[in-house]
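Enquirer: There's a structure below that I have some questions on.
Taken together, the values in this text are just the output of simple stated rules run on the coordinates, not laboratory data. Every value quoted in this text rests on a predicted model; they were computed, and no experiment measured them. Quick reminder, even Gly has a Cβ in these numbers, built from the backbone with ideal geometry, and neighbours come from all protein chains shown.
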Amino acid sequence: MEPSPEIGASILSNLMFRWTGAFIAFGDPERSQQPQVDDLFEPPHQYTMVSSCAQFRQHASADNSLFWNLVKTFKGPILLQLALNPLMALFDFSQPMIMQR
């Protein structure tokens with residue numbers, strides 16, 4: 001029997017990829033048919049894979065790279081994240097200073 005590749009993996013590999021096993025197991029189609037996942041959050045239609053693929057096909061062109069097609073398709077959410085993430089980081093890191101006063 002051949003040893004598992006996880007046994008010989010580096011510490012960095014273990015730290016970076018240990019969490020993916022839970023996501024892969026959770027995404028197993030057989031598991032999604034089980035009754036305990038009935039309480040999962042159902043996203044709005046605009047955030048489903050079907051809607052996102054339709055948006056991508058509508059905006060994509062063969063002339064552009066995949067990156068630019070994705071940016072063109074999802075520029076609204078990307079710009080919103082670019083604006084809100086620094087603000088969120090500011091609030092996260094300023095909490096200790098606010099709490100001291």
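Enquirer: 7 Å from Cα along Cα→Cβ at both residue 78 and residue 90: what's the point-to-point distance in nm?
Expert: Once both label points are built, they end up 2.4 nm from each other.
Enquirer: In addition: Put a dot 7 Å past each Cα toward the Cβ at residue 54 and residue 41; how far apart are the dots in nm?
Expert: My value for the distance between the label points is 2.3 nm.
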